[in-house]
There are 2 protein chains.
Amino acid sequence: MTDFTPTARTRIKRLPKRARYDRDTVHAILDAGFVCHIGYSIDGQPYVTPTAYWREGDAVYWHGSSKSRMLLALEKRPPLCLTVTHFDGLVVARSGFHMSVNYRSAMLFGTPYKVEEPGEKLAKMERFIERVYPGHWPELRPVSKRELKAMSVFGLHIEEAVAKVRTGGPIDENEDYALPIWAGVVPVRQVLGAPVDDGRLAPGAPGAPRITL
Amino acid sequence: MTDFTPTARTRIKRLPKRARYDRDTVHAILDAGFVCHIGYSIDGQPYVTPTAYWREGDAVYWHGSSKSRMLLALEKRPPLCLTVTHFDGLVVARSGFHMSVNYRSAMLFGTPYKVEEPGEKLAKMERFIERVYPGHWPELRPVSKRELKAMSVFGLHIEEAVAKVRTGGPIDENEDYALPIWAGVVPVRQVLGAPVDDGRLAPGAPGAPRITL
């Protein structure tokens, strides 16, 4: 796939080895995540709001209550930064200076837009549910018109994007390798626990849906 | 402990039941985290940068290369928003509309400041290492003056803060409880894997340090 073009907003100057501009990398980081952090300003004050999101092609979407402060602010279509971060491990070095972290992050820039058409909103919502619970949408009680109205869906076409990735062990000073100090990586990962039903299942209810997270 | 006073920036209007302004809750969410997302603007463009942080009293700190674009931008002391989010579980409802997420988040506002005095910088760095690797600082090769210079440490005194917390199962429509659809919570958590050394340990090197994350 083609690359995103580095711009003033996305070109990584420090540690450029960690930067990736190719769509495959950016998309893979987005697809591995569920919660992003959206940055926008109101009267010069930045806000960073966590929210669930999903990707479709070169766009990401999120939704929430029509009355959410963030979503009301985004109706004015301010410039936006959307960041997804995976914390993959602690990198333990032989000196405090070289301690580091393994991670994958994607930073997207663009202008948000509101998905207005009800049929499209419903389709987006289906996509969001199916992304996490594949095959589960048809099993659910259908969304009502009132519910659909109470919800806003926003999208961001990715105008510019950059990924940053660090993997591997510590990079210590040459002379420090002789020191009797432990160094290496402690992996960190996100895991799902066993599903716990809410104690109010109706007779005949099946088991928990399959989850792809 | 006393509460943070809700302000125009921090007062939660929607789902106010989820808002917490007490220091204990805000501090506990900060102390349970390691990576935050810092929001700031350059010429009206918001940026959201993930970074490791730690808390000391009513302040949080983070550090990085003196040449980092974020840290250079913060030297101008722009208004800042720092958000920490813990994704605790998927809340599976009987309808798409009531699907939700359990989480704990803290959103802090304030003006960043640079820690300039070398002794204070070093003390901050020790605190950061000891927060993750308790007892490990004295085992490490000491930080050199050159390294200390190459690093910037920034702090944010928490002027305003709000936490948002959702726990528990789905809240479905009364009539939906009769439907044979699974509903409940799927817990999500972050776990550490077994430490992997870098294959270059010197003779006599001890085991991996203890980690509190």
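Within region B:150-189, track down each residue that is more than 10 Å from chain A (Cβ to nearest Cβ) and of a type in the set (Lys, Arg).
Passing the criteria: only B:166.
Going by the conditions given, is residue A:160 of a type outside the set (A, V, I, L, M) and at pLDDT below 95?
Details: of a type outside the set (A, V, I, L, M): yes; at pLDDT below 95: yes.
Yes; evaluated as a whole, the condition is true for this residue.
Can you go through B:119, B:110, B:96 and tell me which one is without any contact (Cβ under 8 Å) to a residue 60 or more places away in the chain, closer than 19 Å to residue B:22 by Cα and not charged (D, E, K, R)? Even if it seems obvious, please write down each step before you answer.
On the way: B:119 fails: closer than 19 Å to residue B:22 by Cα; B:96 fails: closer than 19 Å to residue B:22 by Cα.
When all the criteria are applied, what remains is B:110.
How many residues are of a type in the set (S, T, N, Q) and touching a Phe, Trp or Tyr at 6+ places or on another chain (Cβ under 8 Å) if we restrict to region A:173-200?
If we filter region A:173-200 for residues that are of a type in the set (S, T, N, Q), which is where we start, we get A:174, A:190.
Going one step further and asking which of them are touching a Phe, Trp or Tyr at 6+ places or on another chain (Cβ under 8 Å), we end up with A:190.
Looking only at that region, the number is 1.
So which residues in region B:1-43 are acidic (Asp, Glu) and not in a loop (DSSP other than H, G, I, E, B)?
Of all residues in region B:1-43, those acidic (Asp, Glu) come to B:3, B:22, B:24, B:31, B:43.
Of everything in region B:1-43, those that are acidic (Asp, Glu) and not in a loop (DSSP other than H, G, I, E, B) turn out to be B:3, B:22, B:24, B:31.
Enumerate the pairs (first residue in region B:190-213 and more than 7 Å from every other protein chain (Cβ to nearest Cβ); second residue anywhere and loosely packed, with under 15 Cβ neighbours inside 10 Å and among the aromatic types (Phe, Trp, Tyr)) with beta-carbon separation below 9 Å, excluding pairs fewer than 6 apart on the same chain, so at least 6 apart or on different chains.
Partner pairs satisfying both residue conditions: none exist.
Out of the strands (runs of 3 or more DSSP E) lying entirely within region B:44-107, which hold 2 or more residues that are crowded, with 21+ Cβ neighbours inside 10 Å and within 10 Å of chain A (Cβ to nearest Cβ)? Can you show your working first?
Numbers: elements: B:45-52, B:54-56, B:59-65, B:80-92.
Fully inside region B:44-107 and qualifying: B:45-52, B:80-92.
Here are some residues: A:14, A:23, A:9, A:18. Which one is under 30 Å from residue B:136 (Cα atoms), basic (Lys, Arg) and in contact (Cβ under 8 Å) with a residue 12 or more places away in the chain? Don't jump to the end; show me each part of the working.
On the way: A:14 fails: in contact (Cβ under 8 Å) with a residue 12 or more places away in the chain; A:23 fails: under 30 Å from residue B:136 (Cα atoms); A:9 fails: under 30 Å from residue B:136 (Cα atoms).
Answer to the selection: A:18.
Can you pull out the residues in region B:29-43 that are surrounded by fewer than 16 Cβ atoms within 10 Å (Cβ to Cβ) and either under 19 Å from the mean Cα position of the chain (by Cα) or more than 13 Å from chain A (Cβ to nearest Cβ) (or both)?
Step one: filter region B:29-43 for residues surrounded by fewer than 16 Cβ atoms within 10 Å (Cβ to Cβ), giving B:31-32, B:42-43.
B:31, B:32 - these are the residues of region B:29-43 that are surrounded by fewer than 16 Cβ atoms within 10 Å (Cβ to Cβ) and either under 19 Å from the mean Cα position of the chain (by Cα) or more than 13 Å from chain A (Cβ to nearest Cβ) (or both).
Counting only residues that are in contact with a strand residue (DSSP E or B) (Cβ under 8 Å, 6 or more places away or on another chain) and at pLDDT below 95, which one in region B:42-54 is farthest from residue A:108 (Cα to Cα)? Talk me through it step by step, then tell me what you get.
Going through region B:42-54, the residues in contact with a strand residue (DSSP E or B) (Cβ under 8 Å, 6 or more places away or on another chain) turn out to be B:44-54.
Now drop any that are not at pLDDT below 95, which leaves B:44-45.
Numbers: B:44: 16, B:45: 12 Å.
Within region B:42-54, the match that is farthest from residue A:108 (Cα to Cα) is B:44.
With respect to the numbered conditions (1) touching a Gly at 6+ places or on another chain (Cβ under 8 Å); (2) over 26 Å from residue A:193 (Cβ atoms), which one is the sole condition not fulfilled by residue B:10?
(1)
Give the residues of region A:124-164 that are over 19 Å from residue B:101 (Cβ atoms), without any contact (Cβ under 8 Å) to a residue 60 or more places away in the chain and aliphatic (A, V, I, L, M), sorted by residue number.
Hit for region A:124-164 is A:148, nothing else.
Among the residues of region B:124-149, which ones are surrounded by 14 or more Cβ atoms within 10 Å (Cβ to Cβ) and either assigned to a loop (DSSP other than H, G, I, E, B) or more than 12 Å from chain A (Cβ to nearest Cβ) (or both)? Please lay out each step first, then the result.
Kept after step one, since they are surrounded by 14 or more Cβ atoms within 10 Å (Cβ to Cβ), are these residues of region B:124-149: B:124-133, B:136-137, B:139-141, B:143, B:147-148.
B:133, B:136, B:140, B:143 - these are the residues of region B:124-149 that are surrounded by 14 or more Cβ atoms within 10 Å (Cβ to Cβ) and either assigned to a loop (DSSP other than H, G, I, E, B) or more than 12 Å from chain A (Cβ to nearest Cβ) (or both).
Take region A:58-74 and flag every residue that is of a type in the set (Gly, Ala, Ser) and at pLDDT 95 or above.
Narrowing region A:58-74 to residues of a type in the set (Gly, Ala, Ser): A:59, A:64-66, A:68, A:73.
Hit for region A:58-74 is A:59, nothing else.
Within the bounds of region B:14-27, is there any residue that is at pLDDT below 90 and at the interface with chain A (Cβ under 10 Å from one of its Cβ atoms)? Break it down into steps so the answer makes sense when it comes.
So the first thing to find is which residues in region B:14-27 are at pLDDT below 90, and the list is B:14-21.
Checking which are at the interface with chain A (Cβ under 10 Å from one of its Cβ atoms) leaves us with B:14-15.
Yes, some residue in region B:14-27 is at pLDDT below 90 and at the interface with chain A (Cβ under 10 Å from one of its Cβ atoms).
Collect the residues in region A:160-178 that are surrounded by fewer than 17 Cβ atoms within 10 Å (Cβ to Cβ) and not in a strand (DSSP E or B), keeping them in residue-number order.
Listed by number, the residues that qualify are A:167, A:168, A:171, A:173, A:174, A:175, A:177, A:178.
Tell me which residues, restricted to region B:137-189, are touching a Lys or Arg at 6+ places or on another chain (Cβ under 7 Å), closer than 30 Å to residue B:39 by Cα and not aliphatic (A, V, I, L, M).
B:152, B:154, B:160, B:164, B:166
Kindly evaluate residue A:212 against the criterion of being surrounded by fewer than 17 Cβ atoms within 10 Å (Cβ to Cβ) and within 25 Å of residue B:88 (Cβ to Cβ). Working first, answer last.
Details: surrounded by fewer than 17 Cβ atoms within 10 Å (Cβ to Cβ): yes; within 25 Å of residue B:88 (Cβ to Cβ): yes.
Here the answer is yes, as residue A:212 does meet what is asked.
The values are calculated or read from the model by the stated rules, or taken from the named source; none is laboratory data. Predicted, not measured: the structure shown is a model, and the values here were computed from it. With ideal geometry, Cβ positions are generated from the backbone for all residues, glycine too; neighbour counts draw on all protein chains shown.
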